[in-house]
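Each reported figure results from applying straightforward, stated rules to the coordinates on display, with no laboratory input. Predicted model, so just to flag it, every value in this text is computed and none were measured. A quick note on method: Cβ atoms are made from the backbone with ideal geometry, for glycine too, and the neighbour counts reach across all protein chains shown.
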Amino acid sequence: MTVRQAHQERVRTGDHFINGDVACAEGALAAGCGLFAGYPITPSTEIAEHLARRLPEVGGTFVQMEDELGSMAAVLGASWAGARAMTATSGPGFSLMQENIGWGVLTETPCVVVDVQRPGPSTGLPTQTSQSDVMQAKWGSHGDYEPVAYAPASPQEMFDLTVLAFNTADRLRIPVFIMADEAVGHITERVRIPAAEALPSSSRPRPTDAPGNGFLPFKAGPGLVPPMAHAGEGYHIHITGLTHTERGYPTNSAEVHDRLVRRLSDKVLRRADELTLVERVWLDDAQVAVVAYGGTARSARQAVRIARERGVRAGLLRLITLWPFPGAAIAQLGLQTRLVVAESNLGQVAREAERYTAGQVYRVTHAGGHLLPPEPILEAILERA
Amino acid sequence: MSEIVTTTHPTDPLLRAERLPHIWCPGCGIGSVTACYMSALAESGLPLDQCVVVSGIGCTGRVAGYVNLDSFHTTHGRAIAFATGVKLANPRLQVTVFSGDGDLFAIGGNHFLHAVRRNTDLLVVCVNNFNYAMTGGQAGPTTPRHSFTTTTPRGATDQPFNLQHLAAALGVVYSARWTALHLRQLKTSFSQALQLHGFRFVEVLSPCPVGFGKANDLGEGIEEMEFYRAQGVVDRRISPAEALIEMSKSTPLPLGVFVDPERQGNGQAGPAKGADGVVGR
């Protein structure tokens, strides 16, 4: 048996001047990540590099896999062995992970997947910024499911939301996505890491009965999240990507399938209110509201500030959670204001926002390659004011 | 003896009896191989609560569903990568990958290469039935040349993998090939492999009368078993490179242990060493 001893602190409490990728890695460490499996890809590589150095120092495991298919599979395996597990990638790798993400959804495997987005389709612009994987986070794997995805806008949020992602993943037993972008991954700012005891923490629901008492690994209570037994604990679980009964055994029953897929969706959707985080900036009296997220929200905030200086009552709804979609917040805002959605893609969130509003949503879009600057957003605000 | 009927089979506690009968066709060897593995595991002295089986997709992928252990039926081709995560996150677990030739060596081939390169502490069992059986008998990475399958209606043209040569060349700690007929020898190989550390490989040839046998004059399962008996040759002078499988009545079928810690040279690369330079236990 391998004996691992921690000789460095997991939580580096204090103020740091680090980039978003490194902050994400520190967030994973602070959250108790036990295994990182990944494959190098720009612009996420610094997360792997940082964890390659840091994880072994705190008793964790870093493994560089042969590809993203294997990375995602190893993360799932590690989770079932009891570890908090994570991978980080960018669009091309995120594409390769989708099949195993679906396995994680159906088998209710907690894990965290970080996508530091770059412009696609395909290899696109590897070193530049983009937000064009938003819909892939929602629909990337086949079948019906409801993901949870966060969009950090700063290195501080790369840290905070990575910690939150581990907690959400464990609490709901789902893969959780950090939909970062190259700008946020590579910008360097102050990151304040709190004391270990001040970090939010929640854990997987666990079996209360000892092994041998007919444990049903997929029998969920009113909270819709079944308790999770790990490999090696004596429960002799069987876990399959086939549609399965509460016992975990495969079935061909359409009724069981419908019940299972609905529960998997409902366990997320019923918690949509608590899961959908937004930041409201100057919205109380706003005539025009910009909806933005991630790196683009930084430009949007500047555009709104300039508009205010020019006497235009503008505000910002910054989406922190992308999935479940903060439709209620947008619907409410759509009744009071004219909406502008600004994003580094050709309207993925804008189109979703339109489903929640009666009027048209004004789009400020760019396919990616540079951070959307404040000017076109300001222009849109002024036109709509 | 007045009573020969018993209500339990010796392997009952080792299998998920409530899931039987299994889905495998009459004449298929996967069930025998599974029971053989479980018997070896039970006799190994390893705590069964610490033993894990990981499978991919396909007929052999269903093994995970019948063993009474912590068992995982993963995605197509990714069993070894998944098992790598299990093992690394909890090194106390004895992790065995059980899957078929298509899953392990076509869609999942790259993971095999890299798991051996890392000398990952896994036992990988490949039931090789020369075709994609679950989907109805298509050609796979071990389909012998000139064999008929639903996707090689004029006979297979591509060179198949010789899995013993592949494993030996990559540097596995242990590699053996038996058939679903040679269960006693197979059990010995499972027992040997379970006592070693590092990447261990056991290939088991299995009849697939529905998907492969009938179309290739191998007949029913029992007739393919007879073929294994007639053609099977255990000769330690046969190197892994020479251990081709032609499935023809005019050529021998090389079986045996091709790599183990005591046996080096003979044409194959030496066994892989762990990071500490130690081979095996």
* In whole Hz, with x marking every Gly and Pro, tabulate ³J(HN,Hα) for region B:93-101 from phi via Karplus 6.51 cos²θ - 1.76 cosθ + 1.60, θ = phi - 60°. => 6, 8, 10, 10, 9, 10, 7, x, 5
* To do: Rank B:251, B:163, B:205 by how far each Cα sits towards the positive end of the charge dipole of chain B (+1 on Lys, Arg Cβ; -1 on Asp, Glu Cβ) and give me just the farthest.
  => B:163
* Antiparallel as a % of all DSSP beta bridges within chain B, to the nearest 5? -> 20 percent
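Excluding residue B:56 itself, calculate the net charge of residues whose Cβ lies under 13 Å from the Cβ of residue B:56, where each Lys or Arg counts +1 and each Asp or Glu counts -1.
Values: positive: B:62, B:78; negative: A:99, B:101, B:103.
Charge balance in the 13 Å sphere: -1.
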* **Sorted peptide list for A:153-164, B:163-174, A:54-65, criterion being average Cβ within 10 angstrom, highest first** => A:153-164, B:163-174, A:54-65
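Can you give the local net charge around residue B:247? Use residues other than it whose beta-carbon is closer than 11 angstrom to its beta-carbon, Lys and Arg +1, Asp and Glu -1. Don't jump to the answer; show the numbers that get you there.
Values: positive: B:145, B:249; negative: B:217, B:224, B:246.
That sum, taken over residues with Cβ under 11 Å, equals -1.
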* Structure fact -> Under 5 Å from the placed amide H of residue B:208, counting only residues 5+ away or on other chains, we find B:213
* Identify which of B:182, B:111, B:146 has the largest mean-square fluctuation in a Gaussian network model of chain B, with springs joining Cα atoms closer than 10 Å. => B:146
* **Inter-centroid distance (Cα atoms) of region A:33-59 relative to region B:30-69, Å** => 33 Å
* Structure fact -> Gyration tensor on Cα atoms of region B:52-104, a ≥ b ≥ c root eigenvalues, a/c under 1.5 rounded, else prolate if a/b beats b/c, else oblate, says oblate
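Taking each pair of different alpha-carbon atoms in region A:279-384 once, compute 1/r for the pair, average those values, and report the inverse of that mean as the Kirkwood hydrodynamic radius in Å to one decimal.
Working: mean 1/r = 0.0760 Å⁻¹.
One over the average 1/r among Cα pairs gives 13.2 Å for region A:279-384.
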* Selected from A:302, A:131, A:332 as most flexible by GNM, with chain A as the system and alpha-carbon contacts under 10 Å -> A:332
* To do: Mind putting a number on the dipole of the protein assembly as shown about its Cα centre? Charges go on the C-beta only, +1 for Lys and Arg and -1 for Asp and Glu, and I need it in Debye to the nearest 20.
  => 320 debye
* Structure fact -> Looks like chain B, by Cα gyration tensor root eigenvalues a ≥ b ≥ c and the a/c under 1.5 rounded cutoff (else prolate when a/b is bigger than b/c, oblate otherwise), is rounded
* To do: Among the lysines, select those whose C-alpha is under 21 Å from the C-alpha of residue B:87, and discard any that sit fewer than 8 residues away in the same chain.
  => B:273
* Structure fact -> Note, region B:117-129: 3J(HN,Hα) by Karplus (6.51, -1.76, 1.60, θ = phi - 60°), whole Hz, Gly/Pro = x, goes 4, 7, 6, 4, 7, 9, 9, 10, 10, 10, 8, 9, 10
* Structure fact -> Note on the protein assembly as shown, DSSP bridge orientation, antiparallel percent to nearest 5 equals 25 percent
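What percent do you get for the relative contact order of region A:14-198 when only Cα pairs under 8 Å and 6+ apart count? Provide the component values of the computation, followed by the final result.
Working: 423 pairs, mean separation 57.1, N = 185.
Relative contact order here is 31 percent.
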* To do: May I ask what percent, to the nearest 5, of DSSP beta bridges between residues of chain A are antiparallel?
  => 25 percent
* Asked: Which one of B:156, B:35, B:230 has the biggest mean-square fluctuation once chain B is modelled by GNM with Cα springs under 10 Å?
  -> B:230
* Long-range amide H contacts for residue B:152: which residues qualify at under 5 Å (H placed 1.01 Å from N, peptide plane, sequence gap of 5 or more or a different chain)? -> B:139
* ³J(HN,Hα) across region B:174-191 via Karplus (A = 6.51, B = -1.76, C = 1.60, θ = phi - 60°), whole Hz, x for Gly/Pro? -> 8, 8, 9, 9, 9, 10, 5, 7, 8, 6, 5, 5, 4, 4, 4, 5, 4, 4
* Please compute the net charge surrounding residue A:236, taking Lys and Arg as +1 and Asp and Glu as -1 over other residues with Cβ under 10 Å from its Cβ. => -2
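Find the relative contact order for chain B and round it to a whole percent, using C-alpha pairs within less than 8 Å whose residues are 6+ positions apart.
Numbers: 603 pairs, mean separation 48.6, N = 281.
Result for chain B is 17 percent.
Roughly what % of Cα-Cα distances in chain A sit above 29 Å, to the whole percent? Don't skip to the answer; put the middle values down first.
Working: 31272 of 73920 pairs.
That tail contains 42 percent of the Cα-Cα pairs.
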* Amide H to amide H, which residues 5 or more places from residue B:263 or on other chains are under 5 Å from it, using H placed in the peptide plane? -> none
* Structure fact -> In this structure, among B:187/B:214; B:187/B:249; A:138/A:267, pairs with alpha-carbon gaps over 18 Å are B:187/B:214; B:187/B:249
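Classify the protein assembly as shown: rounded, prolate or oblate, from the alpha-carbon gyration tensor (a ≥ b ≥ c, eigenvalue square roots; a/c under 1.5 rounded; otherwise prolate if a/b is larger than b/c)? Could the numbers behind the result be given before it?
Values: a/c = 2.11, a/b = 2.09, b/c = 1.01.
Cα axes put the protein assembly as shown in the prolate bin.
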